[in-house]
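*Asks:* Here it is, the structure, as structure tokens.
Just so it is clear, none of the values below were taken in a lab; they were calculated from the coordinates. The structure displayed is predicted, hence computed values, not measured ones. Note that we place each Cβ from the backbone using ideal geometry, even for glycine, and neighbour counts take in every protein chain shown.
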Amino acid sequence: RILYLSNFLYFCGFTFFVTFISVFLIKHLDFSQGNIGDFFSYIGLWIAFTQAVITRQVAKYLPEKRVLSFTFFSGGIAVALILLTGAWWHLFLVAPIFAVSNGLTFANMAGLISRSADQKIQGEVLGINASVQALGQLIPPVISGIIAAYISPEAPVVAASLMMIIAGTTFLLFFCFW
């Protein structure tokens, strides 16, 4: 259950980021639609590289639990760093940290959830996990606009960072230390 909760919180954070980072990029860095597309393509390439190359190498040396203890936090910190960028080219430095953290988190969480279940119910457990992820992707778009309107356009991106860090804290406190 703690893995589901951690995954839910992380997916909420990721979805807050995806939902409102474009507003931040337009407002603070004067991005156009094309620039935003390039930014997401850059992140996508890094996530693909992570899942094709880096994940395999990391898996040789570190168990999922250890990887997640780091990547939940590095993903949240990377989002906070994106908020602190002052020029478009800073994103080239920070976006790979975000993308690698996400690529490792997605792969290792699925692996850990699968390994944590008895073989007879792995399909059921992974199906529940898919539902948990879908719920984590449903809530942020519904409330992002309200948060942005009443607090600031950057607030959903701040929420993304906080949700990812809360996911990591939940994972460490209730899964790793118990």
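*Asks:* Of the peptides 93-105, 42-54, how do they stack up when ordered by the mean number of other Cβ atoms within 10 Å, highest first?
*Replies:* Per-residue Cβ counts within 10 Å, averaged per peptide and sorted highest first, yield 93-105, 42-54.
*Asks:* On to the next question. For the stretch 1-67, take every pair of Cα atoms, bin their distances at 5 Å starting from 0, and report each bin as a whole percent.
*Replies:* The percentages, shortest bin first, are 3, 14, 14, 18, 19, 15, 9, 6, 1.
*Asks:* Using only the Cα atoms of the chain, what are the Rg and Dmax in Å?
*Replies:* Cα-based Rg and Dmax for the chain come out at 16.3, 52 Å.
*Asks:* Restricting to Cα pairs below 8 Å that are 6+ residues apart, what does the relative contact order work out to for the chain? Please round to a whole percent.
*Replies:* It rounds to 49 percent for the chain.
*Asks:* Quick one: which of 23-35, 114-126, 1-13 comes out on top by average Cβ neighbours within 10 Å, and what's the full order, highest first?
*Replies:* On the way: 23-35: 14.8, 114-126: 12.2, 1-13: 21.6.
Result, highest mean Cβ count within 10 Å first: 1-13, 23-35, 114-126.
*Asks:* Using only Cα atoms, tell me the angle between helix 33-49 and the longest principal axis of the chain; keep it within 0 to 90° and round to the nearest 10.
*Replies:* 20 degrees
*Asks:* Same structure, new question: Over the stretch 79-178, what is the mean sequence separation of C-alpha contacts under 8 Å (at least six apart), divided by residue count, expressed as relative contact order in percent? Show your work: numbers first, answer last.
*Replies:* Working: 30 pairs, mean separation 32.8, N = 100.
So the answer I get is 33 percent.
*Asks:* Calculate how steeply helix 122-150 sits against the longest principal axis of the alpha-carbon atoms of the chain, using the helix alpha-carbon long axis, and give the answer as 0 to 90 degrees to the nearest 10.
*Replies:* Between helix and principal axis, roughly 20 degrees.
*Asks:* Using helices alone, I'd like the mean residue ellipticity at 222 nm for the chain: each DSSP H run of four-plus residues gives -39500 (n - 2.57), total over residue count, nearest 500.
*Replies:* Taking each H run of at least 4 residues, the total per residue is -28000 deg cm²/dmol.
*Asks:* Continuing with the same structure: Return the Rg/Rh ratio of the stretch 90-178 with Cα-based radii and a Kirkwood Rh.
*Replies:* Here the Rg-to-Rh quotient is 1.04.
*Asks:* Under unit Cβ charges (Lys, Arg +1; Asp, Glu -1), what dipole magnitude, rounded to 20 debye, does the stretch 47-137 have relative to its Cα centre?
*Replies:* Charge dipole, the stretch 47-137, about its Cα centre: 240 debye, nearest 20.
*Asks:* Moving on to the next point. Expressed as a rounded percentage, what relative contact order does the stretch 1-106 have, with Cα pairs under 8 Å and six or more residues apart?
*Replies:* 35 percent
*Asks:* Calculated FRET efficiency, F92 and I26, Cβ-Cβ r, R0 22 Å, to nearest 0.05?
*Replies:* Working from the Cβ atoms, E equals 0.75.
*Asks:* Please give the length that would be gained between R66 and A130 if that part of the chain were fully extended, namely 0.36 nm times their separation in residues minus their C-alpha to C-alpha distance (nm, one decimal).
*Replies:* Values: separation 64, 0.36 × 64 = 23.04 nm, distance 2.23 nm.
The R66-A130 span can extend by a further 20.8 nm.
*Asks:* For a quick check: with amide H placed at 1.01 Å from N, whose amide H comes under 5 Å from S152's, ignoring anything fewer than 5 positions away on the same chain?
*Replies:* Amide H to amide H, under 5 Å and 5 or more residues apart or across chains, S152 pairs with nothing.
*Asks:* Taking the Cβ-Cβ separation of K120 and F49 as r and a Förster radius of 25 Å, what is the calculated FRET efficiency to the nearest 0.05?
*Replies:* On the way: r = 35 Å, r/R0 = 1.41.
In this case the efficiency is close to 0.10.
*Asks:* So, one more: On C-alpha positions alone, give me the angle between the axis of helix 2-29 and the longest principal axis of the chain, in degrees, nearest 10.
*Replies:* Helix 2-29 sits at roughly 10 degrees to that axis.
*Asks:* Something else now. Enter the Cα centre distance for the pair the stretch 71-117 and the stretch 140-155, rounded to the nearest angstrom.
*Replies:* 22 Å
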